[in-house]
Amino acid sequence: MSYTIFRTFQLHPFLLYPTSILKLQNRFFHSTTIKATQSQQTQTQTKHSTSTQSKKLNNLPKDYEPIIGIETHVQLSTNTKAFCNCPYNYGSFPNTSICPVCMGLPGALPVLNSKVIEFAVKLGLALNCELAFDSKFDRKQYFYPDLPKGYQISQFDVPIASSGFLDVDIPLEYGGGHKRFGITRVHMEEDAGKLLHTENGNYSQVDLNRAGVPLLEIVSEPDMRNGIEAAEYAAELQRLVRYLGVSNGNMQEGSLRCDVNVSVRPIGQSKFGTKVEVKNLNSFASMSRAIDFEIARQVQLHSQGQADQIVQETRSWEEGSQRTITMRKKEGLADYRYFPEPDLPSVILYQEYVDGIKNSLPELPEGKRRRYEKMGLGMQDVLFLANDKNIAEFFDATLAKGADAKLVANWIMSDIAGFMKNEKLTINDIKLTPEELAELIASIKDGTISGKIGKEILFELLAEGGSVKEIIEKKDLVQITDPVEIEKMVDKAIADNPKQVEQYRGGKTKLQGFFAGQVMKASKGKANPGLLNKILLEKLNS
RNA sequence: UGGGAGGUCGUCUAACGGUAGGACGGCGGACUCUGGAUCCGCUGGUGGAGGUUCGAGUCCUCCCCUCCCAGCCA
């Protein structure tokens, strides 16, 4: 595990482990980070084609290039807070989950929750980052009523992970395509409390339950070009943290919060335009809309020769009016007076610890998507299955029982999904097991039952459980494949409905469905549809 | 915008996954006929794109539209 101790112990972790297993990297400072960012910028911009498009952007002048970067805060689902043992549960009564440490009382000392390191390493690895084997915490000083200590414990010049990337498949309806977005850095920090404003606005109250909750901040490279790409990036990040189990990723509870930086520059210009930060994004949809609004606003100012009115500021997305408004102008470069946190020791990782985590990582969304794609599934199927970890696992488990990928996908996406939607259940709640689904598919394949009967059985399995074989036996559902028997029923259907026969022979061939339905009714759905229709056609056309 | 409900002839309303019917309207006709009466006939529809199925209005995904309620929090 990671090795963290108090400075007061007067022990340096280096002394405890041979230096050969320690690796130092990524010791670059903030200013150099920015330079690196800019040089990578031009590469990624030209690499990505403009396959995704937003409607709102279609009417704008085409000679401007938007540049979007995203900062995401993810609340970690640890049992306790980052530096004390208070639990955190969203929605609990204000100030019921606090202690001297997270209240910032004088003399209270933080103790790092090692899960925070574990989760940070997990996410860092999943984002294909380079890890800093020797990093540290820093204090970021600022005053705000929700920050009782007067500073936030964060990481400044040595983030725990940096220089990674995230792969995203854009859904077909948004233009499709595969994109890779750069990750600048991932660092650990703590959340602040929450201010509760009274209705009349006369005063505000502070809830410190959230203070000290561990956060990972993920900063992307400015690789996105429109709202859709940004929203897809954020959605993929949400999938990732859920797959990893490091956060519930719930945007409405604030477990996943995104701020976006938008700038626009004339195409061909190498210098970035003035960057505007947009906050207050409650959903992926609003994120997409906010960005497209902001791009349009800036392009318009540019094309009207009013580029100087784009100033470095923080704007707020207004759901009601669907636009951004100025929240605060950048007050110079806020001087946070970062300095190393003296109450916490360095964070030293060693290779075995990292390897242990690396080996325990689950298969990630991107891996699943590529694997499903190789099986021959279309992108719509791939995304449906891989977007939800539980569905993907159910799918994989069914495949493990030997079922055909496309058939399993079809069953899950149509009838099983329909049942879950109706009953408001997740795939973990249904009584159907992957084993029985595989059995069901096999029974149809070997001809024991028809697909139609398969559907009937499926709904019983979903609601009641049980096994395919039991149900077939109990309800006598083996399909009828005897041509003679089917022929008899077809003859009867034809004899009973002379009027329809006449219509059919007069050209209303759609009535084939009517006759098929009659035979199905007579056979209680057990007639083999293929055979039935073949015989039916022969009879009707003779 | 968010939450909820919904979308089948021009309108209203049906169709265990098995022939898209009915009513009103409109058009045409009949009734020995001045008609706001009656009868007959005709007209005309599953919002869009994919998917599942032997077969889809009905099941799945996305989009569009309508109605109701609510509406701006660091």
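The values are calculated or read from the model by the stated rules, or taken from the named source; none is laboratory data. What you see is a predicted model; the values in this text were computed from it and never measured. Positions of Cβ are backbone-derived with ideal geometry, glycine not excepted, and every protein chain shown enters the neighbour counts.
Details
- Segments classed as helices (runs of 4 or more DSSP H), wholly inside region A:303-417, with at least 3 members that are surrounded by 16 or more Cβ atoms within 10 Å (Cβ to Cβ) and touching a helix residue (DSSP H, G or I) at 6+ places or on another chain (Cβ under 6 Å): A:365-374, A:379-386, A:389-400, A:405-411
- Scanning region A:493-531 for residues that are part of a helix (DSSP H, G or I), touching a residue at least 12 places away in the same chain (Cβ under 8 Å), farther than 28 Å from residue A:457 by Cα and not aliphatic (A, V, I, L, M) yields A:496, A:500, A:504, A:505.
- Hey, residue A:470 within 13 Å of RNA strand B (Cβ to nearest atom), modelled with pLDDT of 90 or more and in a helix (DSSP H, G or I) or not: no
- Here residue A:425 clears all of (1) within 19 Å of residue A:381 (Cβ to Cβ); (2) without any contact (Cβ under 8 Å) to a residue 24 or more places away in the chain; (3) aliphatic (A, V, I, L, M); (4) away from RNA strand B (no atom under 11 Å from the Cβ) except the condition numbered (1).
- Within this structure, residue A:509 passes the test of being among the hydroxyl-bearing types (Ser, Thr, Tyr), more than 7 Å from RNA strand B (Cβ to nearest atom) and modelled with pLDDT under 90.
- Taken as a whole, the structure leaves residue A:124 outside the set of residues that are surrounded by fewer than 16 Cβ atoms within 10 Å (Cβ to Cβ), among the small types (Gly, Ala, Ser) and away from RNA strand B (no atom under 16 Å from the Cβ).
- Top-ranked residue of region A:359-396 - restricted to ones that are polar (S, T, N, Q) and within 16 Å of RNA strand B (Cβ to nearest atom), ranked as farthest from residue A:127 (Cα to Cα): A:380
- Pairs with Cβ under 6 Å, 6+ apart, first in region A:104-122 and under 15 Å from residue A:84 (Cα atoms), second assigned to a helix (DSSP H, G or I) and hydroxyl-bearing (Ser, Thr, Tyr): none
- Residues in region A:303-357 that are closer than 20 Å to residue A:158 by Cα, away from RNA strand B (no atom under 16 Å from the Cβ) and among the hydroxyl-bearing types (Ser, Thr, Tyr): A:338, A:346, A:350, A:353.
- Candidates in region A:134-163 are the residues that are free of Cβ contacts under 8 Å to residues at least 60 places away in the same chain and part of a loop (DSSP other than H, G, I, E, B); of these, the one that is farthest from RNA strand B (Cβ to nearest atom) is A:155.
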